[in-house]
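**Q** Take a look at this one; I'll ask things after.
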Amino acid sequence: MRDDMYDLFEAALLACKITEDLREPFINTGDGVITLVRPVDGVPKTLLLHTFVPVLSEMLAEHGIVHPNRKFRLRVAIHSGDVHFDRQGAFGEDLDLAFRLLNSPELKSRLQQTGAPLVLAVSDHIHRSVIRHGYDGIDGRTFEPLIRLEMADQRHTGWVQVPAEAAGNRGLARIDRVS
C-alpha cells in the first residue's frame, strides 16, 4: 500500500507538471508522505487547489476500483510559509501548523463521515490569500471552517473540503492524468 501511495502521489504531481526540480524529495512519515513544493512561478497555490488535489482524489478513487483489496484514503493539508532545513531535516512553525491541520480530530472525523477518497484541510492563510478570491476552479463555498487550533499563542482556523463532493456539486469535467 505504501508503494501505491507513493506512486499515486508522484503521478498526481507529474500530471500537474510539478516535477522533482520544483519540490524537495519526499519525506517519509511512516504512514504518509510530505511534499514540500518550492515557491516558484510554475507552481502557484491555485494549481495545488484546482488541479493537484482533484487529480489525486480521482486517482485514489480509480485505484480503489481497480484494486479494491488495496484501497486507501488520504487526509491532505496545504499551507504555505517558511520551512527551514538542518542536518536532521525540515522544521519550522509553518510546517508544524500543516501537521496540526493534517492530524486534527476534525479532519479525521470528516474523513470518517464520507466515503470519498480524500479530505483536504487548508490553513486560514491559504483560504484568505487564494480560496476566497474565487479563482477559476476554486469554489470557496465548498470549504468549511471546521478546524480550530491554538499554536504559539495564536488561534488558527483550518478550512476543510471534500474534493469529490465539491466536484460532484460543480459537475466538473474529468481531468486526465499523464502517464
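Any read-out appearing in this document is the output of simple, stated calculations on the displayed coordinates, not a laboratory observation. All figures in this text were calculated on a predicted structure; none of them were measured in a lab. Cβ: placed from backbone, ideal geometry, glycine included. Neighbour counts: every protein chain shown.
**Q** Peptides 53-62, 92-101, 21-30: what's the order by average Cβ count within 10 Å, highest mean first?
**A** Output ranking for 53-62, 92-101, 21-30: 53-62, 92-101, 21-30.
**Q** Oh, and also: Which lysines have a Cα less than 23 Å from the Cα of Lys17, not counting those fewer than 8 places away in the same chain?
**A** Lys45
**Q** Also: At 37 °C and 0.692 mPa s, what whole-number value in µm²/s does Stokes-Einstein give for the translational diffusion of segment 12-60, with Rh from the Kirkwood sum over Cα pairs?
**A** The estimated diffusion coefficient comes to 289 µm²/s.
**Q** Then there is this: Which residues does the label zone of Leu36 cover in segment 73-112, counting backbone N under 14 Å from a point 7 Å along Cα→Cβ?
**A** 79-99
**Q** Evaluate the Debye formula for the chain with equal point scatterers sitting on the alpha carbons, no solvent, and hand back log10 of I(q)/I(0) at q = 0.18 Å⁻¹, in q order, two decimals.
**A** -1.34
**Q** Same structure again: I'd like the projected area of segment 1-98, averaged over all directions, using the convex hull of its alpha carbons. Report it in nm² with one decimal.
**A** 6.5
**Q** Using the Cα centre as the reference, give the magnitude of the dipole from point charges on the C-beta atoms of the chain (Lys, Arg: +1; Asp, Glu: -1; all else neutral), rounded to the nearest 20 debye.
**A** That gives a dipole near 500 debye.
**Q** Related question: Could you give the nm distance between label points at Glu93 and Arg23, where each point is 7 Å from its Cα heading toward the beta carbon?
**A** Simple spin-label model gives 2.7 nm for this pair.
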